[in-house]
Amino acid sequence: MNISEVICKESSHLPVSLANEVLDFIQFIKIKHKLQDSYIANLKAAQDPVMNHLWGNDGDEVWNVM
């Protein structure tokens, strides 16, 4: 049995609230160590041009109050 199977087996015996904590911790570790799913990273990168166009234009200066 590999480590992911052990984690899955152990977490399957937890109440939902504690299983959610385990999931949150796994996601924290992925962020901390910059281990992202390339699919998600690619989706975020694909949004950049559109979002930069929407938010990075002269018409938005009215919202930059700080």
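Computed from the coordinates by the stated procedures, all read-outs in this text should not be read as laboratory data. This structure is a prediction, so every number in the text was calculated from the model and none was measured. Using ideal geometry, Cβ is built from the backbone for each residue, glycine included, and neighbour counts are taken over all protein chains shown.
Extent along the principal axes, Cα only, for segment 3-63: 54, 23, 16 Å, with the longest axis given first.
In a simple Cβ point-charge model (Lys, Arg +1; Asp, Glu -1; nothing else charged), segment 3-63 has a dipole of about 340 debye relative to its Cα centre. Dividing the helix sum by the residues of the chain, where each DSSP H run of 4 or more adds -39500 (n - 2.57), gives a mean residue ellipticity at 222 nm of -21500 deg cm²/dmol. Hydrophobic, long helices, defined as DSSP H runs whose alpha-carbon span along the helix axis is 20 Å or greater and whose mean Kyte-Doolittle value is at least -1.0, occur in the chain at 16-32, 38-55. Among all the lysines, which ones have a C-alpha under 23 Å from residue 9's C-alpha, if same-chain residues fewer than 8 places away are not counted? Reachable lysines: 30. Would you work out which of 51, 2, 41 lies farthest towards the positive end of the dipole of the chain, given +1 charges on the beta-carbon of Lys and Arg and -1 on that of Asp and Glu, about the Cα centre? Looking along the dipole axis, the top candidate is 2.
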